[in-house]
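Please treat every number below as a calculation from the coordinates, not as lab data. All values reported here derive from a predicted model rather than from experimental measurement. Methodologically, a virtual Cβ is constructed for each residue, glycine included, from the backbone with ideal geometry; neighbour enumeration extends over all protein chains shown.
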Amino acid sequence: MTDVLVIGGGAAGLMAAGTAASRGLRVTLLERNERLAKKVRITGKGRCNVTNNCADLQSLIAQVPGNGRFLYSAFSSFMPADTMHFFEEQGVPLKTERGNRVFPESDSAHDIAEALVRFAKKAGVRFAVGRAAELLVRDGNVFGAVTEDGTMYDCSRVIVATGGLSYPLTGSTGDGYRLAESVGHTVVEPKPSLVPLVCHEGFCSDLMGLSLRNVTLHAIDNQKHRTVYSELGEMLFTHFGVSGPLVLSASAHMRQMERGRYTLSIDLKPALTAEQLDRRVQRDFSENINRNYINALNGLLPKKLVPVIVKLSGIPASLKTNQITREQRQKLVDLLKDLRLTVTGFRPVDEAIVTSGGVKTAEVDPKTMQSKLVGGLFFAGEVLDVDAYTGGFNLQIAFSTGRLAGQNV
């Protein structure tokens, strides 16, 4: 017999289980993988952007385009400062980097994962390996769960913290959605968020593997005629389009994805104004005055990018630099400040860092994370229809909702 069954051993589940057990409750955590916190261990390219050092509640909520107001109580009860204090108490020193992103000083996501596991173990959580197949409900209240192999867990309270559909190899395969629907909850269709983008332009595959650093990416909504995202950073060309930190962040702002609705504009030289860049191009041309145009751009651009820019500029590759007209040079400058890509769609949901969609928030009490439909049933983390931009905000959602569920279960 256990008081509380937590389904899912990720960031939200471990936080919820440890918090509940710290209150003296008998807690069992059911995880389908042999290893706990599998997804945490690979986040941030293995560095784990654990939270964002954002002190203002309203600014924090503003980073959650999907149902941010629902998280008011969760964030209020466990802010980023609390998350940072929690991990430092668990023996993991942290550091704050650009954009207030918080990482372990060791740059190892395993340190964050192991701290969560230690917290749960020290609180007395019991661990079991298995995949939940069914929630047991009687007279409107949960009274247990059954696993695929027929193991039954008797309990009066269940916390579902199974994650979304992103990174399915870590165990995020939508189990929580099926469990929620089976007891009457509405699940908003899961869609990819923080995901690579497919682009129309064929030159993306020619540039596959090319990483651009210190460029500015603008995402433009062609239907609303406005820029929905703009940021300086790093991006990567792939065989299907583009990926990398800037692109993943931009994707979260593309809520009404359809072919051709969004355009990406890359400023390859954001540190220079158009006038300054024109002078720089003139200088490069004068230093290569008798060379072909295609051989005069190596000081300005990555080698792999040169033939693509030459072709897009419309200037003959073999034209001598001293023969290039002012109008042709201006077209080159405009291209370097505004390289356009047509977005045709998202990559599949299993390539997303997080998913938008999930258990409908209107059916969950935001002050406790308890279901409004089934007594004793709670939800935490990505299984809920909440998702945020990059920068540590999605893990903060997991910690805050997990903590709140564990405090109220």
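List of remarks:
- Dipole of the chain [Lys/Arg +1, Asp/Glu -1 at C-beta], most positive-end residue of V27, Q407, L71: L71
- Once you divide the Cα radius of gyration of segment 118-242 by 2.2 N^0.38 Å, the number left is 1.60.
- Nitroxide proxy distance, nm - points 7 Å out along Cα→Cβ at D338 and D365: 5.4
- Rounded to 5, the percent of DSSP beta bridges in the chain classed as antiparallel: 75
- Unit charges at the beta carbon, dipole of the chain: most positive-side option, L272, G124, L135: L272
- F285 sits among other residues whose Cβ lies under 12 Å from its own Cβ, and their net charge, with Lys and Arg +1 and Asp and Glu -1, is +4.
- Placing unit charges on the Cβ atoms only, positive for Lys and Arg and negative for Asp and Glu, gives the chain a dipole magnitude near 940 debye about its Cα centre.
- FRET efficiency estimate (nearest 0.05) - Cβ-Cβ, N222 to K95, R0 30 angstrom: 0.15
- Reduced Cα scattering model of segment 196-346, Debye log10 I(q)/I(0), q = 0.14, 0.16, 0.18, 0.19 Å⁻¹: -0.68, -0.86, -1.04, -1.13
- Extension gain for M152 to T186 (0.36 nm times residue separation, less C-alpha to C-alpha distance): 9.7 nm.
- Convex hull of Cα atoms in segment 270-338, direction-averaged projection (nm²): 4.0
- Local charge for A16 was computed over the other residues whose Cβ lies under 11 Å away, with Lys and Arg +1 and Asp and Glu -1, and equals +2.
- Cut-off 17 Å, label 7 Å out along Cα→Cβ of E275, residues of segment 324-339 by amide N: 330, 333-334
- Estimated FRET transfer efficiency (N290, D107; beta-carbon r; R0 45 Å; 0.05): 0.40
- Counting Cα-Cα pairs of segment 26-176 in 5 Å increments starting at 0 gives whole-percent bin shares of 2, 8, 14, 16, 18, 19, 12, 7, 3, 1, 0.
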